[in-house]
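Here the structure comes first, spelled out in structure tokens, and everything after it is commentary.
Laboratory data are not the source of any read-out in this text; all were calculated from the coordinates shown. All values derive from a computational prediction rather than experimental measurement. FYI the Cβ positions are ideal-geometry reconstructions off the backbone, even for glycines, and counts take in every protein chain you see.
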Amino acid sequence: MKEITSIDQLAIFGHEPMYKEPLYVGRPNIGSQSGFIQRVNDILERRWLTNNGPYVVEFENKICNMIGVRHCVAVCNATIGLEILFRALELTGEVILPSFTFIATAHALRNQDVTPVFCDIDPKTHNIDPEKVVPLITRKTSAILGVHVWGNACEISNLDEIAKLYQVKLLFDAAHAFGCSHHGSMIGTFGDAEVFSFHATKYLNSIEGGAIVTNNDELAEKLRLMRNFGFSGYDNVVHLGTNAKMTEMSAAMGITNLEFAHDFISVNFQNYHLYRESLESIPGIRILAYDEKEHNNYHYVIIEIDDSRAGIDRDTLMKILHAENIIARRYFYPGCHRMEPYRSMYPNFDQSLPETDGLVKKVMSLPNGTSITPNDVKTVSSLIGFAIRNAAEIRVKLLEREKKLTYQSNLDRYVFPNPTSIHYQDEVGV
Ligand SMILES: Cc1ncc(COP(=O)(O)O)c(C=O)c1O
């Protein structure tokens, strides 16, 4: 494990970074290179590259069995999955969702001409707060769209009650939540439908990819039509559709990784616990806990930095980590409501999402996954501890550096007279 003992050894102050190669959040997990290559060879020999090929069907069946859901419709990515789901359900008007989500959740609605209405979150769980959903319901509301952020389930029964009471659909963006459960049932079985992402950065990836899962037979049939332009056979288009198909290569990666899903979780789990042990006692750091009675994929190691106790704010801590090539990430910053086109659509949202606004300033995700070793976890944690223990000294040094830089840039901006344009008396006289 690498350790720093004096602030002069920090890369932010010009020292060599601790890591030559960056440590990333969400570096792809690859179960077996040879297993994947073998499947790629099968695909090439079969010459069946896409259009509901055998690997896509196998991937879908495996997901159905694993989750205990009737239908899995594999798609090219979760964003398009959300879009065809909204279209298939004929959502109109407004849909209530958290602003603390990846922008795709909101864009997928807007791309279907549905207006996203942003709801605040519960700061303890980072998920949509059911109590704050009710006041946002209007006659135009057609659905509630929860997001199981970090794989932790929303308060599903409360949301379900509200959705039933107001007769609106209940959907979940489960992009983070493959392999996770709620009250013992796997995520993917709740609401009218849920959507997983298998993007390269997710715990289980199919390079790009996603899946819509539902127990609704009619909806599943519609989704299958819609992901393939609405074709119900040769030359027979019976529904509006698009191209949302998953390729065979993606399914091959998905199936290969499914075989190693337990290994991924076990690495994530160990790293998460090591982070917890190492960070728990550091003042001003809260590490988001997983409910260990549930299945979790432990893919995200999320900390909140309370700058009043840590003596250092999230962004400064992140800069210190980045300088060392530890690419920790802010998440969902600055919140969907502060990004276009939503910022312009809702100029008054400024005051209405205080928990979201508070969280985006203090949340940070730390590197995890199969490319991260226990030694890396110890190094990252000890660096965070060091930065917080030495926060005052670091602040002073950063301030001095900033002053120097400002002075230098003022100096650079000052235009000195060009000596060749100065005509001295004797020259003029020549
Ligand atoms: C919460 C959430 N929703 C949706 C998506 C979009 O997934 P995809 O990249 O598969 O389109 C992501 C992707 O990172 C996400 O984190």
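Summary of computed values
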| item | result |
| --- | --- |
| Low-density loop cleavage sites - GluC sites (Glu not before Pro) in region 1-105, where at most 12 other Cβ are within 10 Å (DSSP) | GLU3, GLU90 |
| Rounded, prolate or oblate (a/c below 1.5 giving rounded, otherwise prolate when a/b exceeds b/c) for region 1-103 by Cα gyration tensor | oblate |
| For region 395-403, Karplus couplings with θ = phi - 60° (6.51, -1.76, 1.60), whole Hz, Gly/Pro x | 4, 4, 5, 5, 5, 4, 5, 5, 4 |
| Cα centre as origin, Lys/Arg/Asp/Glu Cβ charges: region 261-394 dipole, Debye | 200 |
| Per-residue [θ]222 nm for the chain (sum of -39500 (n - 2.57) over DSSP H runs n ≥ 4, rounded to 500) | -11500 deg cm²/dmol |
| Helix 374-389 axis, angle to the chain major axis (alpha carbon atoms, nearest 10°) | 50 |
| Reciprocal of mean inverse Cα separation for the chain (Kirkwood radius, Å) | 23.8 |
| Cα lying deepest toward the dipole's positive end in the chain, options GLY68, ILE212, ALA200, charges on Cβ | ALA200 |
| Average Cα contact separation per residue, the chain, under 8 Å, 6 or more apart, as relative contact order % | 22 |
| Ranking of ILE156, ILE7 by count of other Cβ atoms within 10 Å, fewest first | ILE7, ILE156 |
| Computed magnitude of the charge dipole of the chain (debye, nearest 20; Cβ of K, R +1, Cβ of D, E -1) | 200 |
| Order of MET246, MET339 - criterion: other Cβ atoms within 10 Å of each residue's Cβ, fewest first | MET339, MET246 |
| Sparse-neighbourhood loop sites, trypsin sites (Lys or Arg not before Pro) in region 265-321 - DSSP loop, at most 12 other Cβ within 10 angstrom | LYS293 |
| Selection from MET18, ILE282, LEU366 lying farthest towards where the dipole of the chain points positive, charges on Cβ | MET18 |
| Relative contact order of region 33-258, defined on C-alpha pairs under 8 angstrom at six or more residues apart (%) | 27 |
| Within region 33-258: Cβ-based charge dipole about Cα centre, in debye rounded to nearest 20 (Lys, Arg +1; Asp, Glu -1) | 280 |
| Degrees between helix 217-227 axis and first principal axis of the chain (Cα, 0 to 90, nearest 10) | 60 |
| In degrees, nearest ten, helix 248-258 long axis to first principal axis of the chain (Cα) | 80 |
| Order of ASP306, ASP113, ASP376 under a 10 Å beta carbon neighbour criterion, fewest first | ASP113, ASP306, ASP376 |
| Positive-end residue, the chain charge dipole about Cα centroid, Cβ charges, pick of PRO123, SER308, ILE394 | ILE394 |
| Of all DSSP beta bridges in the chain, antiparallel share, percent nearest 5 | 60 |
| √(5λ) per eigenvalue of the Cα gyration tensor, region 73-205, largest first, Å | 20, 18, 13 |
